[in-house]
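Please read the structure below before turning to the comments.
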Amino acid sequence: MHEDADLYRAAELYYVQGATMETVAERFNVSRSTVSRMLQAARDRGIVRITLSAPVDTGSELVRTLQKSFGVTAYLAAVPATANTAKRLDAAARHAAVLIHDWFEDGMTMAVAWGTTTSAVAAVLQPKLTRDATVVQMNGAVSARSAQLNASPGLLPQMAASFDAALIQFPAPAFFDDERTRELMWQESTVRRVLAVRAEADLAVFSVGAFEGPSPSEVYSGGYLTEDAFREFAAHRVVGDVCTVFLREDGSYADIGLNRRASGPTPQELKRIPRRLCVVSGEHKVPGLIAALRAGVITDLVLDDGTARALMRHLSRLAPAGA
C-alpha cells in the first residue's frame with residue numbers, strides 16, 4: 001500500500017503537470033497498472049477531487065425563453081425519455097450539486113430550504129474545503145402534529161459537512177398555530193440571529209413544493225398541514241410553495257392567510273439574496289414553478305429534460321407575465 005505522500009506526488013504529476021502514466025510509472029519504478037491504482041487510491045482518499053463546471057445550453061429554446069421572460073439562467077439535466085422519477089430527480093440533483101460546488105466559496109453563506117429535492121442534492125455533493133463559510137436553515141421544520149423533526153432537515157448537517165462550514169439551524173415550527181406567536185418568536189434573540197444570517201446569505205438553494213402528482217412534497221405529505229389549510233389552498237387557487245410560502249400561479253401570495261404563519265422567507269425577502277438556485281424535477285411541479293418564476297424568486301434553475309419539456313408546453317399556453 002502506498003503512502004499518501006506518494007499518492008499526492010503521483011496525482012500531481014498526472015493531473016497538474018500533465019505527465020503520462022508511463023512517465024509516472026518510470027518516476028516511481030512501477031507498472032502502468034500500478035499507477036492507475038495509485039490514482040484511484042488518491043481519489044478514494046480525497047487527495048484528488050474532480051469537479052465539473054456545468055455549461056449553459058444556450059441553444060435550447062427553453063433556456064432562451066427563461067432568460068428573456070424571467071431573467072433566469074437555466075441548466076438542463078439530460079436523462080433518457082424512459083427514465084423513472086427517481087432517476088430524473090437524481091440527474092437534476094447531481095447537476096445542481098456541481099453548480100453549488102463551483103459557486104460556494106470561502107466566507108460565503110448558503111441558505112437552504114429543506115425538502116425531498118434538496119435532500120437529494122445534499123446526498124451527492126462532493127466535499128470541498130472552505131473557510132469561514134456558513135450553511136443556514138431557511139425555514140422551520142417541526143410539524144404541528146409531531147414534536148419530532150422530519151427526516152429531511154438532516155440534509156442541513158450533511159450539506160454543511162460537505163463544505164466544512166458552520167451550521168445554523170432554525171429552531172422553529174414549519175408553521176405557527178397563530179400569527180401572533182410567530183411575531184413574538186421573531187423577537188427572540190436566537191431566532192433573530194437566524195433571520196439575520198438568512199437575510200445576508202449569498203446563495204439560496206430550494207425547490208418548489210407541489211401537493212398534487214405522483215410524489216407530493218414533504219410539506220404536504222408529512223403532517224405539517226391541516227384539512228383547513230388544504231381548503232384554503234383550493235379557495236385561493238394555490239399551486240405550490242417556495243420555502244413554505246404558498247403561491248398562486250400568477251406569483252401572488254400576500255393575501256393567503258397561512259403565509260402569515262409560515263416560517264420561511266417571503267418572495268420579497270428571498271429576492272434579496274443575490275443568487276437563488278431552484279432545483280425542480282417532475283411535471284406535477286410545473287404550475288408551482290411558473291408561480292415561482294412569476295414571483296421573481298429564481299435566478300438559476302436546474303431541471304431535468306422531461307420537466308423542461310412540460311414547462312415549455314405550459315409556457316406556450318400562457319400569456320406573458322404581467323399581461
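What follows is calculated from the coordinates using simple rules that are stated; it is not laboratory data. Keep in mind that this is a model prediction, so the values were computed, not measured. We place every Cβ from the backbone using ideal geometry, glycine too, and count neighbours over all the protein chains shown.
Residues in the range 169-193 that are over 10 Å from S263 (Cβ atoms) and either crowded, with 18+ Cβ neighbours inside 10 Å or touching a Pro at 6+ places or on another chain (Cβ under 7 Å) (or both): T190 only. Only residues that are more than 13 Å from the chain's Cα centre (by Cα), farther than 12 Å from G282 by Cα and part of a loop (DSSP other than H, G, I, E, B) were counted in the range 80-112, giving 7. Looking only at residues of the range 97-115 that are β-branched (V, I, T) and crowded, with 23+ Cβ neighbours inside 10 Å, we find that the one that is nearest to N139 (Cα to Cα) is V112.
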